[in-house]
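A.B. asks: Just dropping this structure here.
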């Protein structure tokens, strides 16, 4: 391996000696451990680790490393993944009418602040094509009607497959995806919902926030699951509002929260900071990265 | 009237000339207008005003003022109230097991940071009596069982009436009050709920917040209404949390939010900053007060 | 006047009857008062008002209105301005190397979320031209050296004058402007400083924040004055950080704060929400706008 | 060792294999590692670890453990400390006139939310004695004049020594301590400053915040050092304010921030979450504790 950062994400039943065994394994193989973050869920007796390695001092191949690691992982019942940091992830962004999240993601991508390849934008409307053009990213307009829903989804899926997409970002894509679609890309679809979930699940959160008279509005980025707006939460944020705010004002204030929340969630995913466990997302903070 | 701050709260159908008419009325009577805050709800065509007056330059009596004001108020369909700032409001605090809100309110009261008389603490348990004793406030232990619920509520109500209580603060009182009780003290009972409503209405919000994996927890102070946890929201706040937080940690972090949120709501109520309109609370900010 | 929103900003010595006199004036002229916000600085005995009017019911001309208003304003010593809402303000953005604020402002402008004409971008480097091109805004590259500083400033000034620029936004323009320049555009230059002023005035705030070990970083938008970083503060915000943050991480986290803080300050200025008084900026909140 | 949580804090030059060596050491001794948090400062090439152990499976004595640990620590140049969790720390609180921090700390202590023994309150005024009495904590009134300053400090120091005080909390103690005193209790004095340092170091921060027109006010808890208000920052927080805030309002809003910030800093210290390194405090978050 060349000079690169290798990240392992591990989940397993909690037991004595895990950190010693795992870190000794990598030390013995010649890796320098850049950071090693753990989380023990003592309610479910589950152990989680994110460990980042510098491969500079090692001659080991990926294949040898993984073979060797399996000997450790199997008896300890690891559920694990590894990212070698040598290949940017391919991202597709799905949108409908709303532009603020799209602009924000493309700006970060363009300026090198999102470590990925944005391969395409997919929309059920033709409205935001000019933004794709500005940033020179292919735009696929795939309209959808009730009767063509599954057909359109197949088109989307074919596009994603053809481009080896690793992550789908629903940046205000206002269509419900089928269970089949969701499960095909399990833990690989990030959605932004424009409320602080679980408040105001479903449609029109800003209007309902106005009617309820809340003093905070927010946004939530989560992995898409079969149950709409009930997937593992990655990021949330809120801003204070007052009685002066109309649904229109809330929408405007909310747009800024949505942008930051979705961008952080996508960054955390691309940076291998997340392990999903049931309905909860373990999101490790950056370790001086 | 002596040197005192008089506060009028007004709600009426929106129409041209309201602020000119109202401010001219008070100016003509010799008042100095300290602050004049308005809010127009253009969705419901309703106008709200909070106006604070210095009575120094006037000889007018309360009776004359109110009689005169009625001539303005009636044709314009004002829903109004006035507070002459010459009498502290009487407050009762209701608690069950949890002490942090009680300590906080009593500390602010004792140190002159809550402008009221805390006349009594009422509890369905005897557990927090030592705190009442520390702060030298009467403690009424009124236990409640399923079969004695209404009876106990009558005892509570008699106590409140006998002491001319203006405001009831439910500082983690874990009993549901009857509709009769609630309506008898309409817009005069402030409750603290330990979640950012409408998320996690009902029981065990911290446990459910843990299970849902939220990245924020919060608290909400609201007026008690028949529908539990659905009354007009006065104050809300949240703090970020992580996957590391257990239900116990969330409870601890939440306690600090609950304290600030309830104290601010009570202060805003006592300071005549709130007009309730349907299910929304118009909470005017302090005006350099 | 056509159907438009007229905004008056008024500052004067505090005295009895101001709100009644001002609101009656506009009511008598047939205006509907949309909102009327006041602030009394009782330390300096100064009164501030922002009043928004709907001109629908009036036939009065601007000239007549202003002539008439002067009869009220002169004896009461008003320092005032009026905006008729019938002409977008012309804005110039000045930048150096850093792109995030520029992207953010242009996105808001393009999507109709900043009510102005961005007439040009001026830079002492040619580096961000591609962004100007993307958004189709003229880019003026005016390099500056020590010996050509005043000369370049004259070029800038001529450009601003030739385009009737109403507001200059220094979106990370890393040059110190001369007093002459600053005073020529008094209260018309908004600068973003990448720290929560008055902490870390001057150069390299993120590096100094790291060295000082602060647990918060922030950004400040303020009017530019002769004394660098000491002008009236319009907006500030912060985010929590930890010991893990390097100067590079702080820069990245800070970029998101800078974007929101500068955009809000520019919006508040364009929306006539600000009155400058000495070294303090009175920033009225939106009134249901 | 009985069933208890043992915490090691370690600081050393960064080098390969540290986490493997340290965790293997404790695993080999029979400890269960509850949590293991690291921080690598790559600017200064320094490594920090906080490791929490459950001693349930071990028979080793403290003496044996420490002797054995030294064999690991010495060659790797550890700067380390251990806390066996079997003895509450002794705390002294120093105050002058202001009561809010004192109330807050005593309430948390009384209700078991601060894991320590508050042995005494020391003040240069007799004003807050009633609070000490309420909470049944000894109150030492040690007045100070210019000419008796060193003498009073000696009295304070004797009191602290006589009571084996582990931590001094300056909860708005408005006297400057001598270098001798500070150094005698190095990294054992926590001070609360009522501004978001380094802004408004020194006297009257709220008045200066008003004059500067900041839109945020805050508080900072830090270790006391010879240079006033320049010690390692443990906790900071801010709240938004507006032009409406007077110095008096700022003081009131600030009081709530001061309470939370100081309480969190004291909790973090007592819970062995902090390693001081030069002028920076490494504050590890709780690990599901």
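The values are calculated or read from the model by the stated rules, or taken from the named source; none is laboratory data. Remember, predicted model here, so these are calculated numbers, not experimental data. Here Cβ is always computed from backbone atoms with ideal geometry, including for glycine, and neighbour counts include all displayed protein chains.
A.B. asks: Has the stretch B:203-217 got at least one residue that is within 23 Å of residue A:242 (Cα to Cα) and either facing chain A (nearest Cβ under 9 Å) or in a loop (DSSP other than H, G, I, E, B) (or both)?
C.D. replies: yes
A.B. asks: Listed residues B:209, B:199; which is in contact (Cβ under 8 Å) with a residue 24 or more places away in the chain and crowded, with 22+ Cβ neighbours inside 10 Å?
C.D. replies: Values: B:199 fails: in contact (Cβ under 8 Å) with a residue 24 or more places away in the chain.
Of B:209, B:199, the one residue that is in contact (Cβ under 8 Å) with a residue 24 or more places away in the chain and crowded, with 22+ Cβ neighbours inside 10 Å is B:209.
A.B. asks: Still on this structure, please answer the following. State whether the residues of the stretch D:123-130 include one that is surrounded by fewer than 22 Cβ atoms within 10 Å (Cβ to Cβ) and part of a strand (DSSP E or B).
C.D. replies: no
A.B. asks: Let me confirm something: among A:192, A:165, which residue is within 14 Å of chain B (Cβ to nearest Cβ), at pLDDT 95 or above, touching a helix residue (DSSP H, G or I) at 6+ places or on another chain (Cβ under 9 Å) and under 24 Å from residue A:261 (Cα atoms)? Working first, answer last.
C.D. replies: On the way: A:165 fails: within 14 Å of chain B (Cβ to nearest Cβ).
Within the list A:192, A:165, the selection yields A:192.
A.B. asks: In a strand (DSSP E or B) and under 22 Å from the mean Cα position of the chain (by Cα): is that true of residue C:191 in this structure?
C.D. replies: On the way: in a strand (DSSP E or B): yes; under 22 Å from the mean Cα position of the chain (by Cα): yes.
For residue C:191, the condition - in a strand (DSSP E or B) and under 22 Å from the mean Cα position of the chain (by Cα) - is met.
A.B. asks: Related question: Taking the conditions exactly as written (outside any loop (DSSP other than H, G, I, E, B), in contact with a strand residue (DSSP E or B) (Cβ under 7 Å, 6 or more places away or on another chain) and within 14 Å of another protein chain (Cβ to nearest Cβ)), does residue D:51 satisfy them or not? Steps first, answer last, please.
C.D. replies: Values: outside any loop (DSSP other than H, G, I, E, B): yes; in contact with a strand residue (DSSP E or B) (Cβ under 7 Å, 6 or more places away or on another chain): yes; within 14 Å of another protein chain (Cβ to nearest Cβ): yes.
For residue D:51, the condition - outside any loop (DSSP other than H, G, I, E, B), in contact with a strand residue (DSSP E or B) (Cβ under 7 Å, 6 or more places away or on another chain) and within 14 Å of another protein chain (Cβ to nearest Cβ) - is met.
A.B. asks: Moving on to the next point. Looking only at the stretch B:24-64, filter to residues that are within 23 Å of residue B:289 (Cβ to Cβ) and touching a residue at least 60 places away in the same chain (Cβ under 8 Å); which one of those is surrounded by the fewest Cβ atoms within 10 Å (Cβ to Cβ)?
C.D. replies: The selected residue is B:62.
A.B. asks: Still on this structure, I have one more. Can you run down the residue pairs with Cβ atoms below 6 Å, 6 or more apart or on separate chains, where the first is in the stretch B:148-165 and touching a residue at least 12 places away in the same chain (Cβ under 8 Å) and the partner is assigned to a helix (DSSP H, G or I)?
C.D. replies: Between residues of the stretch B:148-165 that are touching a residue at least 12 places away in the same chain (Cβ under 8 Å) and residues that are assigned to a helix (DSSP H, G or I), the close pairs are B:153/B:181.
A.B. asks: Could you run through the stretch A:37-48 and say how many residues are more than 10 Å from chain D (Cβ to nearest Cβ) and either in a strand (DSSP E or B) or more than 23 Å from residue B:249 (Cα to Cα) (or both)? Break it down into steps so the answer makes sense when it comes.
C.D. replies: Taking the stretch A:37-48 and keeping what is more than 10 Å from chain D (Cβ to nearest Cβ), we get A:44-48.
Those still in the list that are either in a strand (DSSP E or B) or more than 23 Å from residue B:249 (Cα to Cα) (or both) too: A:46-48.
Residues in the stretch A:37-48 being more than 10 Å from chain D (Cβ to nearest Cβ) and either in a strand (DSSP E or B) or more than 23 Å from residue B:249 (Cα to Cα) (or both): 3 in total.
A.B. asks: Please go through (1) farther than 19 Å from residue B:284 by Cβ; (2) touching a residue at least 24 places away in the same chain (Cβ under 8 Å) for residue B:74 and return the number of the only condition it doesn't satisfy.
C.D. replies: For residue B:74, the failing item is (2).
A.B. asks: Does the stretch B:151-165 contain at least one residue that is in the same structural domain as residue B:183 (by TED's automatic domain parsing), surrounded by fewer than 20 Cβ atoms within 10 Å (Cβ to Cβ), touching a strand residue (DSSP E or B) at 6+ places or on another chain (Cβ under 9 Å) and within 28 Å of residue D:113 (Cα to Cα)? Quick ask: steps written out before the conclusion?
C.D. replies: From the stretch B:151-165, those in the same structural domain as residue B:183 (by TED's automatic domain parsing) are B:151-165; that's our starting set.
Still in the list and also surrounded by fewer than 20 Cβ atoms within 10 Å (Cβ to Cβ): B:151-155, B:157-159, B:161-164.
Right, trim to touching a strand residue (DSSP E or B) at 6+ places or on another chain (Cβ under 9 Å) and you get B:155, B:159, B:163-164.
In the following step, the residues that additionally are within 28 Å of residue D:113 (Cα to Cα) were identified as none.
Within the stretch B:151-165, not a single residue is in the same structural domain as residue B:183 (by TED's automatic domain parsing), surrounded by fewer than 20 Cβ atoms within 10 Å (Cβ to Cβ), touching a strand residue (DSSP E or B) at 6+ places or on another chain (Cβ under 9 Å) and within 28 Å of residue D:113 (Cα to Cα).
A.B. asks: Which of the residues spanning the stretch B:100-122 are closer than 20 Å to residue B:261 by Cβ and surrounded by fewer than 19 Cβ atoms within 10 Å (Cβ to Cβ)?
C.D. replies: B:111, B:113, B:115
A.B. asks: Within the stretch D:163-188, restricting attention to residues that are outside any loop (DSSP other than H, G, I, E, B) and within 16 Å of residue D:97 (Cα to Cα), which residue is nearest to the chain's Cα centre (by Cα)? Please lay out each step first, then the result.
C.D. replies: Narrowing the stretch D:163-188 to residues outside any loop (DSSP other than H, G, I, E, B): D:167-170, D:179-184.
Filter once more, keeping what is within 16 Å of residue D:97 (Cα to Cα): D:169-170.
Numbers: D:169: 8, D:170: 10 Å.
Across the stretch D:163-188, the extreme among qualifying residues is D:169.
A.B. asks: Can you give me the number of residues within the stretch B:131-160 that are farther than 17 Å from residue B:174 by Cβ and in a helix (DSSP H, G or I)?
C.D. replies: Final tally of qualifying residues: 13.
A.B. asks: Same structure again: So which residues in the stretch D:6-36 are assigned to a strand (DSSP E or B) and either at the interface with chain A (Cβ under 8 Å from one of its Cβ atoms) or modelled with pLDDT under 95 (or both)? Break it down into steps so the answer makes sense when it comes.
C.D. replies: Step one: of the stretch D:6-36, the residues assigned to a strand (DSSP E or B) are D:6-13, D:32-36.
The answer is D:32, D:33, D:34, D:35, D:36.
A.B. asks: Okay, moving on. Specify the residue that is farthest from residue A:109 (Cα to Cα); the eligible residues are those in the stretch A:66-91 that are out of contact with any strand residue (DSSP E or B) (no Cβ under 8 Å at 6 or more places or on another chain) and modelled with pLDDT of 95 or more. Step through it out loud before you land on a result.
C.D. replies: Of all residues in the stretch A:66-91, those out of contact with any strand residue (DSSP E or B) (no Cβ under 8 Å at 6 or more places or on another chain) come to A:67-68, A:70-72, A:74-75, A:86-87.
Among the residues that remain, those that are also modelled with pLDDT of 95 or more are: A:67-68, A:70-72, A:74-75.
Values: A:67: 35, A:68: 36, A:70: 35, A:71: 39, A:72: 37, A:74: 38, A:75: 41 Å.
Once the filter is applied, the top-ranked residue is A:75.
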